[in-house]
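Have a look at the structure below before the remarks.
The values are calculated or read from the model by the stated rules, or taken from the named source; none is laboratory data. Computed from a predicted structure; not experimentally measured. All Cβ positions, even for glycine, are placed from backbone atoms using ideal geometry, and neighbour counts span all protein chains on display. SASA here: full protein model, heavy atoms, side chains in, ligands and nucleic acids out. Shrake-Rupley method; radii C 1.70, N 1.55, O 1.52, S 1.80 Å.
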Amino acid sequence: MNRQWTLPHRTRSLAATEKRMRERDLMGYGGRPPAIVWPNGARVAVSLVVNFEEGAELAVGDGDAASERIGEVLSVVAPGRRDFGQEEIFAYGTRVGLWRFLDAFDRHERQATFYMCGRAVERLPALAAEIVARGHEPACHGWLWRPHADFTDAAEERASLVRCIDVIRDTTGQRPLGFCCRGSQSPHTRALLGELGFLYDSNGFDDDLPYWSAAADGRILVVPYAFDTNDMKFFHPNGFVEPGQFVRYIEAALGTLVEEAGRGRSSLLNIGLHLRICGRPARFAAVEGILSALRSLGDRVWVARRDEIARHWLSATARIGTD
């Protein structure tokens, strides 16, 4: 169910543009979310997301003005100098971490969504193709691992999106239908996604269920994402240190949502993972723990790819007349 939208007219007044940029939906479903039942009869959907961005991070060695600073430690290399150490920290993810994830998903019979950066796919086409061959969904994570909020020109952002779509489709044989960039989208992103035929956007952090965006320049389904249930917290001082902390946090989230499901409330839980973070041996214990926790819940949860979640949402809300 792909809808086509047009970009806002270039002659839109500055005042109208500023008004649109100030719009915020702080109400959401107003305490009355749709009572969606997922395909297996559960009311809790779970999305496993793995980020495939190694090689697409900013790196002086790749011609970027500066290198990414966030890693196992905060980089001490001066801006503008090549940071070999940071490059190697990222490389661990694709050299080693990826295979741990793929093997674990095979053993646990789980399919995930992989947020794929275009430059990473271009550099590692065989790995991207292997991911999709094993049944996982390729989603667009931007050409580079950077916020789309950096884009000030809609045409430049559109070209970047098209470039990412093309390389993922040509490499894996599947056209990406989902999008999520690092950080935040730009004021133009959702209109561009609609124009380019995306099924959903995941640059939303404000709900436990999908919803239609309220963008004045076009509508697209938002399948929200989350940072609290994300292994990036291992790289932040207010986050996880030991793998068991991450597992217990996920179990706490699942416990709350399953309990709410017993009272008729539907929800989506997002679990974000990174090849270079939880792909490390100690932290991979958290991945195994999370997969085991999901298995123990059986049909009380529905673990699915994000494109499957989006399609079921569209189908289910159409049947019950909810937009």
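Taking Cβ atoms as reference points and 13 Å as the exclusive limit, the residues near Ala261 contribute a net charge of 0, counting Lys and Arg as +1 and Asp and Glu as -1. Binning all Cα-Cα separations of region 35-320 at 5 Å, short to long from zero, yields these whole-percent fractions: 1, 6, 12, 17, 19, 18, 14, 9, 4, 1, 0, 0. Helix-only arithmetic for the chain: the sum of -39500 (n - 2.57) across DSSP H runs with n ≥ 4, divided by the residue total, places the mean residue ellipticity at 222 nm at -11500 deg cm²/dmol. When the Cα atoms of region 134-191 are aligned to their principal axes, the ranges along those axes come out at 36, 20, 19 Å in descending order. Here the Karplus relation 6.51 cos²θ - 1.76 cosθ + 1.60, evaluated at θ = phi - 60°, turns the backbone of region 232-237 into coupling constants of 4, 5, 5, 9, 10, x Hz, with x for every Gly and Pro.
Just round it to a whole percent: the fraction of Cα-Cα distances in region 102-233 exceeding 24 Å. Here the long-distance tail beyond 24 Å is 29 percent of all Cα pairs in region 102-233.
Once the Cβ-Cβ distance of Arg265 and Glu23 is raised to the sixth power relative to R0 = 22 Å, the FRET efficiency obtained is 0.20. For Asn238 and Trp99, the FRET efficiency from 1/(1 + (r/R0)^6), where r spans their Cβ atoms and R0 equals 30 Å, is about 0.50. With protein chains left intact and a 1.4 Å probe, residues in the chain average 45 Å² of accessible area per residue.
Simple spin-label estimate for Arg81 and Asp106 gives 4.2 nm between the two label positions (7 Å along the Cα-to-Cβ direction from each Cα).
Projected label points at Leu196 and Val37, each 7 Å from Cα along the beta carbon direction, are separated by 3.8 nanometres.
Distance from the C-alpha centroid of region 300-323 to that of region 54-94: 39 Å, rounded to the whole angstrom. Relative contact order of the chain: 27 percent, from C-alpha pairs under 8 Å at least 6 residues apart in sequence. In this structure, the amide hydrogen of Trp143, modeled 1.01 Å from its nitrogen in the peptide plane, lies closer than 5 angstrom to those of Gly118, counting only residues at least 5 positions away or on a different chain.
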